[in-house]
Amino acid sequence: MKKAYILFLISGFLLGSCSDFDEDINKNPNLPNQASGTQLIANAQLSLPGLASSPKGSSMAQYLAETQYVGLTLYPQESTSFYGYYQGPLENLQTVLDAEDLNAADGPIDNQLAVAKILKAYYYWNLTDRWGDIPYSEALQGADNFTPAYDTQESIYNDLFAELKEANSMMVSGSITNDIVYGGDMDKWKKLANTIRLFMALRLSEVDPAMAKTEFSAALSAGVFTSNDDNLVFEHLADANNQNYWYSQVVERNREWWALSENLVEEMKPVNDPRLAVYGDPARETGEYTGLKFGEEDNIGTEEFALLGSKIFAQDAPVYLVTYAQVLFAKAEAAHRGWIEEDAETNYNMAVEASIEQWTGSSDGAGDFLANPKIAFDAGNALEQISNQRWVHLYMFGYEAWSEWRRTGYPNDLVEPNGNEIPTRLSYPDNEAFNNEANYEAAVGRQFNGDDSIYGKVWWDE
Amino acid sequence: MRNKITCIALLLFFQAFNMMAQQGEVSGTVTVASDGMTLPGVNVVVKGTNQGTVTDMNGNYAINVAADATLVFSSLGFEDQEQAVNGRSEINVAMVEDLEGLDEVVVTALGISRDKKSLGYATQEVDGEDINLTNEQNVLGSLAGRVAGVQVTGSSGASMGGTQKIKIRGVNSISGGDQPLIVVDGTPISNANFSGSDGADYGNLGQDVNPNDIASVNVLKGPAASALYGIRGQYGVIMITTKKGKKGVKDVQVQLNSSFTLEHAADFLPKQNLYGGGSSQSFSTLPNGDPYVAVSVDESWGPRMDGTPVRQVFSFYPQDPTYGQLTPFVPHPDNIENYYETGYNLNNGITVSGGNENTTYRLSLNDTRIEGVEPNSYLDRNNLSLSASLDLVENLTVTTNINYARNDARRPGQGSEVGAAYLNQWFQRNLDMKRLKDYKYDDGTFLHWNLRNPSSTTGEITNFDPLYWNNPYFNAYENTSEDRRDRLFGDVSLKYQITPELEISGAIRSDMYTQNIESRQAFGGTDTPEYSVGKYQNKEWNYELLAQYNKDFDEFSLNATLGGNIFSRKYSYLYMETVGGLSSPGFYNIEASIDRPETTSYLLEKQIRSAFAMVSLGYQDTYFLDASIRNDNSSALPEDNNSYYYPSVSGSMIFSELTDWEPLSFGKIRASYAQAGSDLSPYRTTPAFGVGTVYGSTNTLFVPNNLNNPDIEPSFSHSYEAGLDMRFFKNRLGLDFTYYMQKNKNQIINLDVSGASGYSSSTINAGLIQNQGFEITLTGQPIKTEDFLWDAVFNINSNKSEVVELAPGIDVYTYGSSTYSSVTTYLNSYEGEPFGSLVGQAYQRDEATGEILLGSDNMPLYTDATHNFGSVLPDFTGGFQNTFRYKNFSLAAMIDFQGGGQFFSRSKQLGVRTGQDPITVQINDRGQNVRDPLEDGGGVKVTGISAETGEPVEAYVNARSYYRNVVGRRIYEEWLYDASYIKLREVKLGYNFGKNLIDRLPFDAVNVALIARNPAMIWQKAPDGIDPSSISTGSQSISWYESGQLPTVRSYGINLNITF
C-alpha cells in the first residue's frame, strides 16, 4: 500500500507544480506582433477622409440642409469626441516616430519619420482648430500618462510649425512604400508640409498678424503646392471596404437627408457657377437648383430641393483636404494684406480656375465665370470676395470652411437657425470629464470660464 | 499531456490492489420500525467500500460479502444502521425514521459529498423537481428567486432560451463580467454567450443541460464554498447533479414526460390612437388633389385619424387591389399586437434507469420543439444523456456521464433598430398589420410601408425600396438569423477504494461544442444584401486526480482531500461576411460577395494547472474546522509570474448539541474566510497590432485601442462570511441566515482611459470593489396533516456594493455607453459609490428651488451627459415558493421579486419621441389636446424658471417640439425607471393518480398537471409594457438599458408524467 501513497504524491506533484507552459502559448497567433512603419502610416492615412466627410462639419459651414430629422443644423449643445483621432491615426504615427526598428526596405527611415511627422501635425492642426486647447505634449504616451494635460492652442501652433519645418528639412531622396496618398513621392510630401504651414500661418492673421506674416512668407519660400496634382486628396475606391462616407449614407442607407443649403445655391446659381452641377443634383420636382433654407424644420422634403450631388456621394468620390486652389486664395489674401509681393487679382483668378478644374475636371467655363461682374475681382471688396469664393471652393470640407468663417467672418450672410448662432468651437468629449477630469476642468476653466460651450472662442479666433 | 498519461497510468496501477477476502451471501428484509411495512429502495453497502445493493419492491436484498464485513443500511428519511455480518447469512433490519433529518448530504466543490451540518459556509440546494416545475427553456432562469443571494436577470421568452444572467452576491467585478462557474456532475461547462447587445439572443450556453435530468442544483455562493475551484471560482459555482440509476436487480424504471404549452405575447406598451403617421397635422396632396399619408415618415405626428379618405401606402403599389384608391384614415389600435402569433412548446422526454448489483445506468432522451410568438421563429432542441457506473472489480468503479445537446433555432432580433422590435419605436398608428402580413406581391415585389414620398408631378411612387424600415414580415421571413449548436460534455472516471478510509479517483472531463451562426440580409430591403456565417468551436478538457481520506477516531473525524487538475481549452472560429452586396438574389454564400469579404480566423489556447488540498476536522460531531489551499498556474498570466495560491478556512459549531431546549431541533453557527482569484483571457499580456483595411493592394496595420499589460496579476477576492442555521419544532420551521463581505481586489479590467493617451482602454490591475449583505432563507411547513401539507420557502438577499477604489488618479470607470441620436448615456462606477451608476442628460435645475430651468423658447434645458442618477443594482431580491398538497392534488407556485434597481427605457423614450405614446395626446389643463395649436389652447404645459431672467415661467409649448426634439431625445431623466417588481413566475397544479387506478394499468405512477410559465406580473413600478425582470440584452453582463425589448411571453399548458 505504501507504494500507492508515494505514487499518488508524486503524481500530484507532477500535476500541480508545473508553471512552465509552452513558450508560445500566450502569444497571440491571431494578430501580427510586428508592423512596418509604412503599414502604420498607411492605416493612419485611411482616417484622412473622416476629417472632412461629416454632416456636422457640413452644418458648421452651412453647405447642407437637412431634409428630414432636422437636428444637427439646429446646432445642439452636444459634445463631440476627439478620441478616435488620438486612438487611431495619431497613435499609429506616434508608434512610427517612437519605433527603434524601422526598416529601410520600406524607404529611407528619415522619410518614413518625416511623413509620420507631417501627418501627425496635420491631424493635430485640425483638432486644435475645432476644440481649442487639446492634449498634445503629454498625449499619446500610453501607460506612461493616462491623463494628459491640455496644451494651449498657441503652444501647439508653435510646436507644429517647428515639427513641419523639421520634417521638411530631414527628408532625403528615395520614396517610401505603402503610401496611399502620394505614392511615396517625397517632393509632394515636402510641398504638403509647407502648404500646411502656410495655411496655419494664415489662421493667425487676427491673433498675431506679425507672426502670421513671417511664417507665411517662410512657408511660401520653402515651396508650396504648384498645381492640383499636388493636392492632398483621399481617393475612395469602388469597393465597400474603401468607400465614401456619403455613399454609405445616401445609397446604402437610403438617407436622402441632405439638400444644398439656400445660402450655397444663392451664392452659385445666380452667377452660373460651373461647380453647382457637381455639388448638387437639381430638385426632382422642378429640375431646378433650389436650395433648402438651412435649419428649416417645417417645409422640408426630398422632392422640392437640390440634393447632394451624385458625384459627391459616388462610392469612389475623392475627398479634397489640402488643395492648390486654397494656396492661391491664401496668396491672394496675403497679397491683399500686403504680406507678400504678389498680385491679389492674379492669384484670385488662378484660385477660382484651379477650383473649377479640381471640381469639374477642366477649367472650361472659368473665363466666363470670372467675367461675371459679381465674381470679377474687386480690390475694394477683396477679403470678402476671396473668402466667399474660398467658402464655395471648400465645399464638403465644412470644418475647414468653418475655421475660415471664424477667422474672417465671411460669408457674412449665414443664417441663425431657430435663433441659434453658429458655434465657434466643438465641445470636448463627455467622457473627458470622467477619464481626465482635472486636466479637462483646467482647460475649460482657463479658456471658457468653466463652460465647455460650443460658443467658446479658440485662441486665434479674435 | 505527459501528466495526463501519468494520471491514467496511476489509476490502472491501482487495479492491481484489488483486495480479495472470503465471501458469503447475506440476505434479508428491511422494514420500517414504526409500522413494520417493508421498505424498498434502501441502500445496503459494505462499509468502507462502494460495493452494495438496494432493496427491491418488497424490501428484500441479497449481497455477497466477506464474513467479517459490516453492512450499512441507509435510506433518505431514516437513520443509518450498521450491522456487522459476523458470519450471519440473514440480516433483517428495521429502519428508524429520522425525524430531524439532519444528516443531509450535499455535494460540495469538486463533487465531494459532505454532511451539510459540517460545513462552515453557505450553500443552498434546489431540488430538481423545483427547477423543472414548468419546463422553463433556459434552466438557469429557474434559479430566479430560489436561492438567496442569486440574482437572475432574464430575457423575453420570445427568444426561446434567451440569455439568463446570474449574479451571486451582487456584482463582484468592476467590469461586471463576473459569472459563476457552472459544473455538471463535476465537469465545468462553458456558459459562453454569442449574442451581442442587440439582434438575435442566442442565450447563454449553460442551458444545454436537460432540465429533466437534474436531480439537484447546489449553489456555492462565496469563495469559501468554491475555494477548491481556485482561479475559476471567484464568482461562485453552480453545481448541477444529474439523476442516476440505482443498484438493484429489478429496479428498472421507465419514465415518460410530455408537456404542451401555448405561448402568447403579452404586456404591450400602450399606444395612442388619435393621430397617424406623418410629421404635420395636415395631409400633403398629390397633383390631383388627393391627400396621402406621409409614407416617408416613420413617426406618428401626423393628421388626426378621423376616417378621412386618403391614399395609404398600399394604394401606391400597382399590384395592390387598392391601387389608386382612397381609404379611410383610421387607427389600428392593435397593429403591433397583431404581428405576434400564438406559439407553442412541445416537450417529450423518456428516461430509462436502473441497475443491478454492480451497475447503474440512466439513459434519457428529450425533444423540445418551440414555435415562437414571432412569425417564422423556432427552436428545436434534443438532449441525450447517459450516466452509468460499473464496478469493474470489487472496490474499483468506473462511472461515466455523457451528455449530448443539439440546438437548431431561428430567433427574432431584439433592439430598437432590429427585426420587429422597432415597431414600438418607429411606426405609424394607422398601419394595418394584417395588410402588411402578405409582404410579397405575386410578381415578387416586396410590400413595405416606409417609402419615399410620391412624386409631386406624377403622384406615383416608382422606387419601392424601403426608406428606413422594412416591413416587419420581410425581416421575419427574408432577413433571417439561424443558429445551430452541437455539444457534448461529460466525464469518465475511475474510483478506487484502497482501504475503507482511502479512496482515490481520477477523471477525464470534457466539454466541447460547435456553434454555427448564419445571417442573411435579402435583396429588396433597407440594407445592402449580405450573408455572414460563423463557426465557433470550443473544447475544454479537465484531467483530475483526487485522493480522499475519511476516518473517525473516537470523538474526532477527519476528512482530507488531495488532488490535482489540468484544465486545457482550445477555442477557434472562422467568421466570414460578404462586403458590398451579393452577386445574385437568393444565393447566400461568401462566394457571392461583391467586394473582398471580411474574414477572421481565430485561435485561442489556454491552460491552468492546479494542485489542491483540503482538511476537515470534526470533534464530537459538534465542532468542525475546514482548511483548504489551492495552487493555480495559468498560461494567460505573464510567464514568469503565473503561479498563485488561494487558501480558505471555515469552522462551525452545532450548538443544538449543547442544549436540550425542546423546540430547537438543530442549530449551527458558522464562519469562514477565503481567498479566490480570477485571471484574464489569453494574449492580453503582450503587444500586438491590428489588421486594418486593405486599400487596393496596400495592407495596413494599426495599434489596437486597448493597451495590453505585461505585468498583470490575477485578481484576488477576500471573503468573510458568518451564518446561523436553525430549525425548530421538529424541522417544521427553518432559518438560514448569512452575513457576508467580499472584497475583490486588484481586478483585471480594461480601464477606459482618456483617448488622448492614444488608447481607449488599458488592461490593468486595479480597484477594490466590496460587497456586503445578508441572505435569509426561511423554510416552513405551516400546515401538516395527514391529507394536507403546505411547504413554503422564502428567500431574500440584500446586497450593498461599494467601489472603494479604482486606479491611482482615476475615479470613474466606464462600464458601458450607448449613443442614440448623438446623445450618450453611460454606466459608470465612481470611487466611493455603489457599483454601476446610470449617467446621462438630466434637466438643468435651479439650485435654490430645484425647479427645471427653461430656455428662451420655454423648452427645458438639459445638462451634459454627466448627471449621475445612481446605481442600477437592486436593494434586495428574493423569492417565495409555496407548495400545497391535498390528497393527490398538488399546487406549486413560484414568486420572485426585486426591490430597487433602475434602468433607462429606450422603447418608452422613442415611443414618446415618435408620437406613438398616449402621453403625446393627453388633454392639458386647458381641456385641449396637447397637439392642438397653442393659440387654440393646446400645447404641453411647462413650468419652471427662466434661465435668463430667473423668473418663474408657466407656459405652453408645441407638443411635437417638446416630446420629439427635447424630452424624447435628450432628457434621459424622464426615461429612468425603477426596476422593482413582484412576479408570479411559475404555477403548477398537479394530480397524482391513486394506487387504485394505477394498479389496473401497467404504470407505477401517473401525474397530470396544468402548468403556467410567467403567468403574471403581480406588481411593478415601471410603466406597463416594460418588463423589468427581463431586460437582459444578450451578452452584456449588466442590464442597464432596455431597448426594443421583445414582448413578454406567457405560456399555459399541460404536463403528463408516467412512470412504468
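Taking 17 Å as the straight-line reach from the Cα of B:Lys167, the aspartates and glutamates in range (excluding those fewer than 8 positions away in the same chain) are B:Glu125, B:Asp178, B:Glu775, B:Glu802, B:Asp875, B:Asp896. Inter-chain Cβ neighbour count for B:822-832, averaged per residue, equals 2 (cutoff 10 Å, partner chain atoms only).
Relative to the current alpha-carbon distance between B:Val615 and B:Asp857, full extension at 0.36 nm per residue lengthens the span by 79.7 nm. Rounded to the nearest 20 debye, the dipole magnitude of segment A:198-338 is 560 debye, with +1 charges on Lys and Arg beta carbons, -1 on Asp and Glu beta carbons, and the Cα centre as origin. Neighbour counting of Cβ atoms within 10 Å sorts the residues B:Lys745, B:Lys535, fewest neighbours leading, into B:Lys535, B:Lys745. Counting charges near B:Gly177 (Lys, Arg +1; Asp, Glu -1) among other residues having Cβ under 14 Å from its Cβ returns a value of +2.
Distance check, please: which entries in A:Lys191/A:Lys374; B:Lys246/B:Lys887; A:Lys188/A:Lys213; A:Lys191/A:Lys213 exceed 30 angstrom between their Cα atoms? Check vs 30 Å cut-off fails for A:Lys191/A:Lys374. By the count of neighbouring beta-carbon atoms within 10 Å, fewest first, B:Ser118, B:Ser681, B:Ser142 end up ordered B:Ser681, B:Ser118, B:Ser142. The calculated FRET efficiency for B:Val393 paired with B:Ile783, based on their beta-carbon distance and R0 = 45 Å, is about 0.30. Based on DSSP H segments of at least four residues, each scored -39500 (n - 2.57), chain A has a per-residue ellipticity at 222 nm of -13500 deg cm²/dmol.
Shown here for segment A:357-426: GluC sites (Glu not before Pro) in loop regions (DSSP other than H, G, I, E, B) with at most 12 other Cβ atoms within 10 Å, namely A:Glu421.
Packing order of peptides A:452-458, B:232-238, B:903-909, highest average first: B:232-238, B:903-909, A:452-458 (average count of other Cβ atoms within 10 Å over each peptide's residues). Ordering B:His718, B:His867 from the fewest to the most neighbouring beta carbons within 10 Å gives B:His718, B:His867.
Think of segment B:266-399 as having a plus end and a minus end, set by charges on the Cβ of Lys, Arg, Asp and Glu; of B:Thr368, B:Tyr275, B:Ser385, B:Tyr275 sits farthest toward the positive end of this dipole.
Compute the distance from the alpha-carbon center of segment B:159-200 to that of segment B:579-594, in whole Å. Their Cα centres are 35 Å away from one another. Working note: Karplus 6.51/-1.76/1.60 with θ = phi - 60° gives segment B:337-344 the couplings 4, 4, 5, 7, 10, 7, x, 9 Hz, where Gly and Pro are set to x. Here's the picture: charge each Lys and Arg Cβ at +1 and each Asp and Glu Cβ at -1 in chain A, and of A:Phe146, A:Leu292, A:Leu31 the one pushed furthest to the positive end of that dipole is A:Leu31. Neighbours of B:Gly415 by Cβ distance under 12 Å: Lys/Arg scored +1, Asp/Glu scored -1, total -3. Legend: calculated FRET efficiency, B:Asp999 to B:Trp790, from the Cβ-Cβ distance at R0 = 30 Å, rounded to 0.05, equals 0.55. For B:Asp595 and B:Tyr739, a Förster radius of 45 Å and the Cβ-Cβ distance give a FRET efficiency of 0.15, rounded to the nearest 0.05.
Modelled spin labels at B:Leu724 and B:Val649, positioned 7 Å past Cα toward Cβ, are 2.5 nm from each other. Using only alpha-carbon positions in the protein assembly as shown, the gyration tensor eigenvalues give semi-axes of 68, 38, 28 Å once each is multiplied by 5 and square-rooted (largest first).
Where Lys and Arg each count +1 and Asp and Glu each count -1, what net charge lies around B:Glu831 among other residues with Cβ under 10 Å from its Cβ? Overall, the nearby charge balance is -4. Per residue, the average separation of C-alpha pairs within less than 8 Å and at least 6 apart gives chain A a relative contact order of 21 percent.
Computed from label points 7 Å out along Cα-Cβ, the spacing between A:Thr214 and B:Gln319 is 7.4 nm.
Packing, as the average of other Cβ atoms within 10 Å across residues, places the peptides B:705-716, B:214-225 in the order B:214-225, B:705-716, highest first. If the segment from B:Leu658 to B:Val252 were pulled out straight at 0.36 nm per residue, it would be longer than the present Cα-Cα gap by 141.7 nm.
Per-residue shielding of A:64-72, expressed as the average number of other chain Cβ atoms within 10 Å of the residue Cβ, stands at 2. Across chain B, the relative contact order, built from alpha-carbon pairs under 8 Å that are at least six residues apart, equals 12 percent.
Gap in Å between the Cα centre of segment B:336-414 and the Cα centre of segment A:377-421? Cα centres, segment A:377-421 to segment B:336-414: 71 Å. Charging the Cβ of each Asp and Glu at -1 and of each Lys and Arg at +1, and nothing else, the dipole of chain A about its Cα centre rounds to 800 debye.
Past 19 Å, Cα to Cα: identify those pairs from B:Lys116/B:Lys244; A:Lys27/B:Lys745; B:Lys730/B:Lys784, in the order given.
B:Lys116/B:Lys244; A:Lys27/B:Lys745
Under 20 Å from a label point set 7 Å out along the Cα-to-Cβ vector of B:Asn376, the amide N atoms of segment B:574-596 belong to B:578, B:581-590. Our note on the geometry: Cα centres of segment A:44-72 and segment A:224-298, 11 Å apart.
For a paramagnetic label modelled on B:Thr38 (point 7 Å from Cα along Cα→Cβ), amide N atoms under 17 Å away belong, within segment B:61-85, to B:61-63. Quick note on chain A: its Rg to Rh ratio, both from C-alpha atoms and Rh being the Kirkwood radius, is 1.07. Listed by chain and number, the lysines whose alpha-carbon sits under 24 Å from that of B:Lys434, ignoring those within fewer than 8 places in the same chain, are B:Lys271. Show the residues, 5+ positions off or on another chain, whose built amide H is closer than 5 Å to the amide H of B:Ser377. Long-range HN contacts for B:Ser377: B:Gly372.
Taken together, the values in this text are just the output of simple stated rules run on the coordinates, not laboratory data. All values derive from a computational prediction rather than experimental measurement. Reconstructed Cβ throughout: ideal geometry from the backbone, glycine too, with neighbour counts over all protein chains shown.
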